[in-house]
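Chemist: Sharing a structure below in structure tokens format, with a few things to ask.
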Amino acid sequence: MYSTYGYWRSLIYPDRLAGELGQGTVTGFKRRVFGVFILGIILFILRDIWGMNTETMTYILANGTADDYTIGRYAALIGSILWSLIYMTFHFWGVAWILSKLTNIQFKPLLKLQLVVVGLLLFEKAINFLVFAIAGKTASVSVLSFGPLAMTFLENWYIIFFVNQLTIFSALIVAVQYRFIRFYEGEEIRKDVIWLLIALQIIFALFTAAIGFVPVEKMLNLLMIGGL
């Protein structure tokens, strides 16, 4: 039996996707992967061109030469493209591999699930980008998380960054993954799988929050302007 992979259908009915995978071959998947990755790269490029996460360029523009700024902009653009590929590759192949180790599902079927997850993550970034573009300014927290609320009464930036990673889309991703895994594994599903999925989101949030403390801007400044 053959069926065509539909992204939006898989998002709304992940259990139906699991059922189709169990009954036969799903076609059109590679084309959807290519489309999602291309849209993801374009989104990261647009964010960079608009100025998101390129605050260090202001320092280079004020203290360096025009050539330094031009090189810095091109380097930032290339960096955004590379980061988009790393980001999507991890959530597509990497998380699928992790889930294959935590469940009884093979690696390849989980790729169909994780393409839905990658799309959700990109959609979340697109919403934040749209809000910031309309507002004409950016922020270090997501409008879809409790990060803005945490900033009002917390001073520990690690906790703020951690809370910022736990968004509405994080809950949606857990729900989609759980519905897929529950249907795919049937009665053999472990009762604690929902907690494993939640724990994964927490671990990812802790790791991402830690990355926020890496002095990337200072390193770029030293690289572009030249030394201390």
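Chemist: Applying the selection to region 121-144, what residues are crowded, with 18+ Cβ neighbours inside 10 Å and basic (Lys, Arg)?
Modeler: Answer for region 121-144, where residues must be crowded, with 18+ Cβ neighbours inside 10 Å and basic (Lys, Arg): just 125.
Chemist: Step by step: first the residues of region 80-120, then only those that are within 11 Å of the chain's Cα centre (by Cα) and over 16 Å from residue 180 (Cβ atoms), then the one that is surrounded by the most Cβ atoms within 10 Å (Cβ to Cβ). Which residue is that?
Modeler: 88
Chemist: Return only the number of the condition from (1) under 27 Å from residue 36 (Cα atoms); (2) not in a helix (DSSP H, G or I) that residue 130 does not satisfy.
Modeler: Residue 130 satisfies all of (1) under 27 Å from residue 36 (Cα atoms); (2) not in a helix (DSSP H, G or I) except (2).
Chemist: Can you name the condition, by its number, that residue 49 falls short on among (1) at pLDDT 70 or above; (2) exposed (fewer than 14 other Cβ atoms within 10 Å of the Cβ); (3) more than 20 Å from residue 136 (Cβ to Cβ)?
Modeler: Every listed condition holds for residue 49 apart from (3).
Chemist: Do any helices (runs of 4 or more DSSP H) lying entirely in region 145-189 carry at least 3 residues that are surrounded by 15 or more Cβ atoms within 10 Å (Cβ to Cβ) and touching an Asp or Glu at 6+ places or on another chain (Cβ under 6 Å), and which ones are they?
Modeler: In region 145-189, the matching helices (runs of 4 or more DSSP H) lie at 168-185.
Chemist: Report whether or not residue 158 is within 20 Å of residue 116 (Cβ to Cβ), modelled with pLDDT under 90 and hydroxyl-bearing (Ser, Thr, Tyr).
Modeler: Here the answer is no, as residue 158 does not meet what is asked.
Chemist: Checking residue 40 against (1) modelled with pLDDT under 80; (2) surrounded by 18 or more Cβ atoms within 10 Å (Cβ to Cβ): exactly one of these is not met. Which one?
Modeler: (1)
Chemist: Quick check: is even one residue across region 159-180 touching a residue at least 60 places away in the same chain (Cβ under 8 Å) and out of contact with any Pro (no Cβ under 6 Å at 6 or more places or on another chain)?
Modeler: yes
Chemist: Another question about this same structure. As an exercise: evaluate residue 135 against (1) closer than 21 Å to residue 171 by Cβ; (2) more than 14 Å from the chain's Cα centre (by Cα) and give the number of the one condition it does not meet.
Modeler: Answer for residue 135: the failing condition is (1).
Chemist: Now a separate question. Only one residue in 85, 113, 122 is modelled with pLDDT of 95 or more and assigned to a helix (DSSP H, G or I), so which one is that?
Modeler: On inspection, the qualifying residue turns out to be 122.
Chemist: Can you say whether residue 205 is at pLDDT below 85, of a type in the set (A, V, I, L, M, F, W, C), surrounded by 14 or more Cβ atoms within 10 Å (Cβ to Cβ) and out of contact with any His (no Cβ under 9 Å at 6 or more places or on another chain), as far as the supplied structure shows?
Modeler: Considered against the rule, which asks whether it is at pLDDT below 85, of a type in the set (A, V, I, L, M, F, W, C), surrounded by 14 or more Cβ atoms within 10 Å (Cβ to Cβ) and out of contact with any His (no Cβ under 9 Å at 6 or more places or on another chain), residue 205 comes out as no.
Chemist: Hey, another quick one. I'd like to verify a number: residues in region 19-28 that are modelled with pLDDT of 80 or more and crowded, with 17+ Cβ neighbours inside 10 Å, how many?
Modeler: Residues in region 19-28 being modelled with pLDDT of 80 or more and crowded, with 17+ Cβ neighbours inside 10 Å: 0 in total.
The values are calculated or read from the model by the stated rules, or taken from the named source; none is laboratory data. From a predicted model like this one, the values you see are computed outputs, not experimental measurements. Positions of Cβ are generated from backbone atoms using ideal geometry, with glycine treated the same way; all protein chains shown enter the neighbour counts.
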